Amino acid sequence: MDAMLLQRLSHRLYLKRIPILSGIIKRWIHFRYNSDLSPITEVGRGTRLGHGGIGVVVNSMAKIGRNCILGQNVSIAGKDGGTPTLGDWVYVGHGSIVLGKVNIGNNVFVGALSLVNKDVPDNAIVAGIPAKVIRIKTDKEIEKWHKWVLDNGGKPIQ
């Protein structure tokens, strides 16, 4: 059982208005995985955390799309009242920070130890502090990425 599976259970309990159990699971995630995954956070199907979710912090109002992968020690943090939104098929590398009212498009790769503080277009590869677009992926690369994610535990998107 990893942190994301527990977050999904906690989110279901939150939606069914059972906040006590939801809160207990949130605290267990923090104790076991040193992660802060709120039951309020909307996370899409097939989204996973690298290394079980060690050190991942996600703002409770953030939205994470389907089939995303968040590496260890990733922070999805709010700033000045704004919170990030991640599209589908996004990979956020280890130790990266997504900060503020940022929209990350679909099929985006965020390099390790990057700071994303501006919007990122679809199909981009970004890295650095602050993150800059390195290049845009081709259709063939995107297709290969989708296949890899589905072969390694992702969920088909209908």
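A few remarks follow.
- Pairwise centroid distance, computed over Cα atoms, of segment 144-158 with segment 1-66, Å: 21 Å
- Efficiency of FRET from Cβ geometry, His51 and Leu113, R₀ 22 Å, rounded to 0.05: 0.90
- The share of alpha-carbon pairs in the chain lying farther apart than 19 Å comes to 51%.
- Fraction of alpha-carbon pairs over 21 Å apart in segment 3-72 - percent: 13 percent
- Couplings 3J(HN,Hα) of segment 47-53, computed from phi: 6, 9, 10, x, 6, x, x Hz, in residue order, whole Hz [Karplus 6.51 cos²θ - 1.76 cosθ + 1.60, θ = phi - 60°; x for Gly and Pro].
- Antiparallel content of DSSP bridges confined to the chain, in %, to 5: 15 percent
- Positive end of the dipole of the chain (Cβ unit charges, origin at the Cα centre): among Ile18, Thr41, Gly52, the Cα lying farthest that way belongs to Ile18.
- Checking the cross-link pairs Lys118/Lys147; Lys63/Lys118; Lys79/Lys118 against a 18 Å limit on the alpha carbon distance flags Lys118/Lys147 as lying beyond it.
- Close amide H contacts of Ala127 (hydrogens built in the peptide plane, cut-off under 5 Å, sequence separation of 5 or more or a different chain): Gly111, Lys132, Ile134.
- The order of Ile125, Ile29, going from fewest to most other C-beta atoms within 10 Å of their C-beta, is Ile125, Ile29.
- Amide H within-cut-off set for Val98, under 5 Å, with H built and near neighbours excluded: Ser75, Ile76, Ala77, Val116
- In sequence order, calculated HN-Hα J values of segment 65-76 (Karplus, 6.51, -1.76, 1.60; Hz; x Gly/Pro): x, 8, 6, 8, 10, 10, x, 5, 6, 8, 10, 10
- For Arg48, the amide hydrogen comes within under 5 Å of the amide hydrogens of Cys68, Ile69, Leu70, counting only partners 5 or more places away or on other chains and with H modelled in the peptide plane.
- If the chain linking Arg32 and Arg8 were pulled fully straight, counting 0.36 nm for each residue of separation and taking away their Cα-Cα distance, it would gain 7.1 nm.
- Taking Trp145, Trp28, Trp89 and counting other C-beta atoms within 10 Å, the order from fewest to most: Trp28, Trp145, Trp89
FYI, it's all coordinate maths here, none of it is from the lab. What you see is a predicted model; the values in this text were computed from it and never measured. When we count neighbours, we look across all protein chains shown, and the Cβ atoms used for this are built from the backbone with ideal geometry, even at glycine.
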